[in-house]
1. Please label the shape of the range 3-120 as rounded, prolate or oblate, based on the square roots a ≥ b ≥ c of the eigenvalues of the alpha-carbon gyration tensor (a/c under 1.5 means rounded; beyond that, a/b larger than b/c means prolate, else oblate).
2. Once both axes come from the Cα atoms, what is the angle between helix 5-22 and the longest principal axis of the chain, in degrees from 0 to 90, rounded to 10?
3. How big is the range 145-294 in terms of Cα radius of gyration and Dmax, in angstroms?
4. Please list 145-154, 171-180 highest first by mean number of surrounding beta-carbon atoms within 10 Å per residue.
5. Can you work out the FRET efficiency for the pair Leu117 and Glu158, with r the C-beta to C-beta distance and R0 = 51 Å, to the nearest 0.05?
6. Helix 36-45 against the longest principal axis of the chain: what's the angle in degrees, Cα atoms only, rounded to the nearest 10?
7. Starting from the Kirkwood Rh over alpha-carbon pairs, what translational D in µm² s⁻¹ does the chain have by Stokes-Einstein at 25 °C and 0.890 mPa s?
8. Using Cα pairs under 8 angstrom and six or more residues apart, how large is the relative contact order of the range 145-294, in percent?
Amino acid sequence: MDEPQTQIDQVRRFNRTVTERVGVLHDRYLGRARPVGEARLLWQVGEEGQDVRRLRDRLGLDSGYTSRLLRALEADGLVTVEPAPGDRRVRTVRLTDAGRAERAALDDRSDELAGTLLAPLNPAQRARLTAAMADVERLLTASTVTLEATDPAHPDAEHCLRAYFAELDGHFDSGFDPAASLLPDAGGLRPPHGVFLVARLYGEPVGCAGLKLPAGAPAEIKRMWVAPRARRLGLGRRFLAELEARAAVAGRTTLRLDTNRALEAAIGLYHSFGFREVPPFNDEPYAHHWFEKALTAKP
């Protein structure tokens, strides 16, 4: 669906205002000897260093542009780029002493710039501006999260499931033992029997959700989890909407799920998304609530 033109216009005005006020139009960003791309990459490397792939994913840069930025920083003696000790296919970027000094100078100049943005405003305006910035940051971060159908045996999927089980074990009064739960096997969450989605933020897995599509039975959502650092980004609702759409396309008219009474936020989410509580439809030992939602099949 196309976005309303008024929203597009507002985004473009916002982008123009921000680029002008923070100085990214200048070749010497923050008055230093390099443009904003090099400065941002230098800051992202950080004190501990980073591998090149993660830098690209975090900043959304292509390989060629990243390489050019790194070569420029290397030529200035600010970073070193070397193969990782355990895997020579992975290149690791680290700051030199000169790089750490330059990064500290960029931090100081960034603080000064932030001060110039706030100084003309009264206290109430400053509070409004910083609160609005927090909202914008959260929403822009939400827009960078990707959902992708992934094999349940993929390392990212297994990472999410391990974190999910560990969280349940800490929340449930009796703990959580995956062996005692009605877990679908991996084949039950692969097409055509189902699907398993993994959410990624800057290339890192931050959530998962599965959909079972058993023959002759309602579709069922299983193992939906969002990492704590990715919460408040609307990812739970996004998972539900995507799985609901996939169930409808598969011709299902009912979508089910069950949950534990300790997961109060999840229960509230299901109610708000149109699910209604129904009598138990399975023998899941960890379930206290069972939900259904009627769907319109979309062949």
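1. Numbers: a/c = 2.58, a/b = 1.50, b/c = 1.72.
Oblate.
2. Once rounded, one gets 40 degrees.
3. Computed over the Cα atoms of the range 145-294, radius of gyration and Dmax are 14.2, 40 Å.
4. Details: 145-154: 15.7, 171-180: 11.6.
Ranked from most to least packed, the peptides come out as 145-154, 171-180.
5. On the way: r = 44 Å, r/R0 = 0.86.
Once rounded, the FRET efficiency stands at 0.70.
6. The helix 36-45 is inclined about 60 degrees to the chain.
7. Working: Rh = 22.7 Å.
Translational D for this selection: 108 µm²/s.
8. Values: 234 pairs, mean separation 29.3, N = 150.
Dividing the mean separation by the residue count of the range 145-294 yields 20 percent.
Where a number appears in this text, it was derived from the coordinates with a stated rule and is not lab data. Only a predicted model underlies this, so the values are computations on that prediction, with no experimental measurement involved. Every residue, glycine among them, receives a Cβ derived from its backbone with ideal geometry; neighbour counts consider all protein chains shown.
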